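J.: Dropping the structure in here first, questions after.
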Amino acid sequence: MQRLFEIDRHRALGLLQAGLPISEVSLRVNVNRTTIFRLRHRLHETHTVSDRPRSGRRRCTTQRQRSNLVRNHMNNRFLSASASSRQTRGRNNQRISANIVRRRLSTSGLRVRRPYAPS
């Protein structure tokens, strides 16, 4: 099932506060009745309708390390990802892979380049 956007959650709560029954609100927002019921229940328990934190694997680089990677590649555009990965240590002093460097740079809108070598 798809998630409700934040604006749809607030719209559904507004319709509930206007006095519409849960079944009518679910038809208007185009979700299941149970979703609206759980949304109302969460609002009463936590006083918020925002997403709850999810579990997941921790990132192997910190925000500071990501910023340093971006800065290093902005200063030296032809720095390779493997050279950058050798220079950077992740959390708990672990080495990071070149793929991680590429992903971190791509989220910043950068691409790892290499100099043109004419044949």
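The values are calculated or read from the model by the stated rules, or taken from the named source; none is laboratory data. These numbers were taken from a predicted model, which means no experiment stands behind them. Backbone-built Cβ (ideal geometry, glycine too); neighbour counts: all protein chains shown.
J.: Being of a type in the set (K, R) and assigned to a loop (DSSP other than H, G, I, E, B) is the filter here; which residues of the stretch 4-55 pass it? Walk me through it before giving the result.
T.: Step one: filter the stretch 4-55 for residues of a type in the set (K, R), giving 9, 11, 28, 33, 38, 40, 42, 52, 54.
If the condition is that a residue be of a type in the set (K, R) and assigned to a loop (DSSP other than H, G, I, E, B), then R52, R54 are the ones that fit.
This table checks each residue for (1) surrounded by 13 or more Cβ atoms within 10 Å (Cβ to Cβ); (2) touching a residue at least 12 places away in the same chain (Cβ under 8 Å).
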{"site": "Q17", "(1), (2)": "no, no"}
{"site": "P21", "(1), (2)": "no, no"}
{"site": "V29", "(1), (2)": "yes, yes"}
{"site": "H41", "(1), (2)": "no, no"}
{"site": "R66", "(1), (2)": "yes, yes"}
{"site": "M74", "(1), (2)": "no, yes"}
{"site": "F78", "(1), (2)": "no, yes"}
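J.: State all residues of the stretch 56-101 that are among the hydrophobic types (A, V, I, L, M, F, W, C) and part of a loop (DSSP other than H, G, I, E, B); if no residue qualifies, say none. Give the steps one after another, and end with the answer.
T.: So in the stretch 56-101, the residues among the hydrophobic types (A, V, I, L, M, F, W, C) come out as 60, 69-70, 74, 78-79, 81, 83, 96, 98, 100-101.
Scanning the stretch 56-101 gives C60, F78, L79, I96.
J.: Going through the stretch 88-117 one residue at a time, which ones are exposed (fewer than 14 other Cβ atoms within 10 Å of the Cβ), closer than 17 Å to Q63 by Cα and at pLDDT below 85?
T.: R91, N92, N93, Q94
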